[in-house]
Amino acid sequence: MRMTFRWFGENNDTVPLRYVRQIPGVEGIVWSLHDVPAGDEWPMEKILEVKRQAEEAGLHIDVVESVNVHEDIKLGLPSRELYIDNYKKTIVKLGQVGVKVICYNFMPIFDWLRTDLHKEMADGSTALFYENSKIEGTDPFDLVERINANSTLTMPGWEPERLQHLTKLFEAYRGVTEEHLWENLRYFLNEIVPVAEENGIRMAIHPDDPPWPIFGLPRIMTTQENFRRFLKLYDSPYNGITLCSGSLGANPNNDIIGMIREFADRIPFAHIRNVKVFDNGDFIESSHRSQDGSVDIAGIVAAYHEIGFTGYARPDHGRHIWDEQCRPGYGLYDRALGIMYLWGVWDSCVREAQQAAIAKGANA
Ligand SMILES: [Mn+2]
């Protein structure tokens with residue numbers, strides 16, 4: 001398991017790179033060019049600037065999250081050819097600077113979705129919260145306003161330029177079914193995975209968050225069965241998954257440990273975080289500790305150890321603790337605590353395996 005930490009870029013993140021470097025076992029950043037609109041080709045000079053900054057801090061840039069997929073690709077419009085072409089050019093450039101994994105998602109219009117970015121928990125910390133009743137009765141336009149009003153920094157996936165055409169986008173998705181989305185995803189994969197393969201990059205789709213349809217828009221990266229179908233759309237180690245325990249864990253029916261075992265060789269990137277799911281289906285992003293949420297994080301880490309996981313991992317999100325002012329979900333403190341929990345479980349698995357090997361040798 002190779003530990004990484006998401007970083008939003010100079011002047012766009014409250015956590016300095018030298019702090020990231022000081023978290024035990026963190027070797028690289030998970031990054032993106034957040035000012036490049038979805039569909040555009042990434043400029044090499046901007047890529048090299050991030051590489052320089054990271055390497056000066058002693059960190060690598062092996063994992064990109066995300067290269068966003070233009071809506072026209074998801075919609076399967078003729079204009080997708082241009083955007084797919086740009087996507088390929090970006091893959092080639094990222095290969096040239098040594099990137100190994102590109103995380104992306106295929107969610108229509110909205111990226112991740114929450115109703116409250118600072119829900120107070122019993123211990124006084126705050127965290128991202130999803131309340132079903134607030135979604136059911138809400139106009140998506142109000143939600144966009146609320147999300148952007150609640151954060152001084154632009155939230156990835158909620159960029160104003162992407163959402164200013166919301167009416168037009170909803171119009172475009174009218175009549176687009178899950179099967180259309182599957183077909184458009186298959187088309188995209190057939191175009192880009194060969195290019196990724198040639199450039200030594202493993203593509204890793206992120207689950208939909210939350211893993212169910214919202215505002216009548218289809219969502220397909222939601223269940224074990226659907227991920228099985230996804231991996232068959234293009235059968236190559238370069239067509240993989242970002243297995244996000246928090247996104248998938250919002251649906252208690254998802255057997256995440258079973259998914260780690262089944263998809264073992266197709267997971268180049270692991271997002272590891274916990275969620276507490278309530279009886280009514282609402283959920284909050286709790287601390288990483290298994291006991292604090294509904295997802296067995298200790299069991300998940302043990303499953304990664306069991307499959308001999310050599311891919312990249314990151315703590316995904318954290319709560320806001322100790323009065324930290326930060327991007328919602330992306331503070332330093334709770335993510336650093338999460339990393340130490342993940343290492344604690346991992347190292348005890350390593351130690352247990354060593355002890356077992358010694359005992360076996362002694363008995364031989
Ligand atoms: Mn995630």
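The residues in region 108-134 that are of a type in the set (Asp, Glu), within 16 Å of the ligand (Cβ to nearest atom) and in contact with a Leu (Cβ under 8 Å, 6 or more places away or on another chain) can be counted, and the count is 0. Check every one of the helices (runs of 4 or more DSSP H) wholly within region 1-75 and list those with 3 or more residues that are aliphatic (A, V, I, L, M) and either more than 20 Å from Phe269 (Cα to Cα) or modelled with pLDDT of 95 or more (or both). Once the helices (runs of 4 or more DSSP H) in region 1-75 are filtered for at least 3 residues that are aliphatic (A, V, I, L, M) and either more than 20 Å from Phe269 (Cα to Cα) or modelled with pLDDT of 95 or more (or both), what remains is 44-56. Under the condition of being over 15 Å from Leu185 (Cβ atoms) and either crowded, with 17+ Cβ neighbours inside 10 Å or within 16 Å of the ligand (Cβ to nearest atom) (or both), the residues counted in region 204-222 number 5. Among the residues of region 299-317, those identified as farther than 12 Å from Leu342 by Cβ and assigned to a loop (DSSP other than H, G, I, E, B) are Ile307, Gly308, Thr310, Gly311, His317.
In region 237-255, the residues that are assigned to a loop (DSSP other than H, G, I, E, B) reach residues that are more than 9 Å from the ligand (Cβ to nearest atom) and basic (Lys, Arg) with C-beta atoms within less than 9 angstrom, at least six apart or across chains, in these pairs: Pro237/Arg202; Pro237/Arg266; Tyr238/Arg202. Here is a check on your reading of the model: is Ile267 within 16 Å of the ligand (Cβ to nearest atom) and either of a type in the set (S, T, N, Q) or closer than 30 Å to Asp235 by Cβ (or both)? It is true that Ile267 is within 16 Å of the ligand (Cβ to nearest atom) and either of a type in the set (S, T, N, Q) or closer than 30 Å to Asp235 by Cβ (or both).
The set of residues in region 272-294 that are buried (at least 24 other Cβ atoms within 10 Å of the Cβ) and touching a Pro at 6+ places or on another chain (Cβ under 9 Å) comprises Ile272, Arg273, Phe283, His288. Of the set (1) buried (at least 18 other Cβ atoms within 10 Å of the Cβ); (2) within 28 Å of Lys134 (Cβ to Cβ); (3) at pLDDT 95 or above, all apply to Phe309 but (2).
Scan region 24-50 for residues that are buried (at least 19 other Cβ atoms within 10 Å of the Cβ) and not aromatic (Phe, Trp, Tyr) and jot them down. Across region 24-50, the qualifying residues are Val26, Gly28, Ile29, Val30, Ser32, Ala38, Gly39, Ile47, Val50.
The values are calculated or read from the model by the stated rules, or taken from the named source; none is laboratory data. Fair warning: this is a prediction, and the values are worked out from it, not measured in the lab. Cβ atoms come from the backbone with ideal geometry, glycine included; neighbour counts cover every protein chain shown.
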